[in-house]
Amino acid sequence: MNSRIMSAAAGVLLLAAALSACSAPEPRPSSTPEAVDPRPTETTVPVSSPTPEAPETELTCESMISAGTVSALAEAGWTAETKEFVAGGVELTEGLLCFWADYTVGSDHGQLYGWSAIDDADAASAQSALLAEGWKREDGADGVYFTEDPRYAMGTDDDGYGMTYLFGDGWVRLADTRQGLILIEWPR
């Protein structure tokens, strides 16, 4: 065997032995409880638990989608404008629909994200109207998807889905593609 390979192998074995010697043995269960003195000692450093972040309380175009998506859109020079949020003729006033685009350029190119609370009656009415308008219904683990006919879509994702609503328990999401729905993180 080559002397360099043997030296390298010996070095690896020595490193492994040194690392295993440094690791503390795993605690073993004991049948007798150990006494614990609740008073701090000189070697005890009180540890404060981290304060949890306050949950988002206001639905905004920025809080609805992931922070990474907001950063990427802002870096591209895009901003959001709110639009009327309607699903199958049902106006969704308990939510928000945002169209992200570069408004300094005359174009219809952008990305759409929406979220709204919705009651069962309005959800049933919206879903029925979407079906009547030719939207495709698919049941999924997250809820019920309604996707526009791809022949009429302004754009589609890698799987051929265009604008898609996702109806869950008491809420509905909307994105310009089905894959875009994963970027909506509201409520947090």
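See the values below:
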quantity	calculated
Those residues of the stretch 137-180 which are in contact with a helix residue (DSSP H, G or I) (Cβ under 6 Å, 6 or more places away or on another chain) and acidic (Asp, Glu), in sequence order	Asp157
Residue in the stretch 115-134 that is buried (at least 16 other Cβ atoms within 10 Å of the Cβ), closer than 16 Å to Met64 by Cβ and not hydroxyl-bearing (Ser, Thr, Tyr) present	yes
Test: residue in the stretch 155-169 that is at pLDDT 95 or above, out of contact with any Lys or Arg (no Cβ under 7 Å at 6 or more places or on another chain) and part of a helix (DSSP H, G or I)	no
Neighbours by Cβ (under 8 Å, 6+ apart or cross-chain): first from the stretch 141-168, farther than 20 Å from Asp122 by Cα; second open to solvent by 70 Å² or more (accessible area, probe 1.4 Å) and at pLDDT 95 or above	Asp149/Lys136; Asp157/Gln179; Asp158/Gln179; Asp159/Gln179; Tyr161/Gln179
In the stretch 115-130, the residues that are more than 11 Å from Ala87 (Cα to Cα), in contact (Cβ under 8 Å) with a residue 40 or more places away in the chain and among the aliphatic types (A, V, I, L, M)	Ala117
Any hit, the stretch 147-154, residues being of a type in the set (A, V, I, L, M, F, W, C) and buried (at least 17 other Cβ atoms within 10 Å of the Cβ)	yes
Matching residues in the stretch 77-99 - criterion: being small (Gly, Ala, Ser), within 30 Å of Ala132 (Cα to Cα) and open to solvent by less than 40 Å² (accessible area, probe 1.4 Å)	Ala87, Gly88, Gly95
Residue under evaluation Tyr145, criteria (1) among the aromatic types (Phe, Trp, Tyr); (2) outside any loop (DSSP other than H, G, I, E, B); (3) within 17 Å of the chain's Cα centre (by Cα), criterion not met	(3)
Yes/no for Thr82 being part of a loop (DSSP other than H, G, I, E, B) and polar (S, T, N, Q)	no
Failed item, numbered, when Asp102 is tested on (1) in contact (Cβ under 8 Å) with a residue 40 or more places away in the chain; (2) among the charged types (D, E, K, R); (3) surrounded by 13 or more Cβ atoms within 10 Å (Cβ to Cβ)	(1)
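The values are calculated or read from the model by the stated rules, or taken from the named source; none is laboratory data. Because the structure is a prediction, the values reported are computed rather than measured. Here Cβ is always computed from backbone atoms with ideal geometry, including for glycine, and neighbour counts include all displayed protein chains. Ligands, DNA and RNA are excluded from the accessible area calculation, which covers all protein heavy atoms including side chains. Shrake-Rupley method; radii C 1.70, N 1.55, O 1.52, S 1.80 Å.
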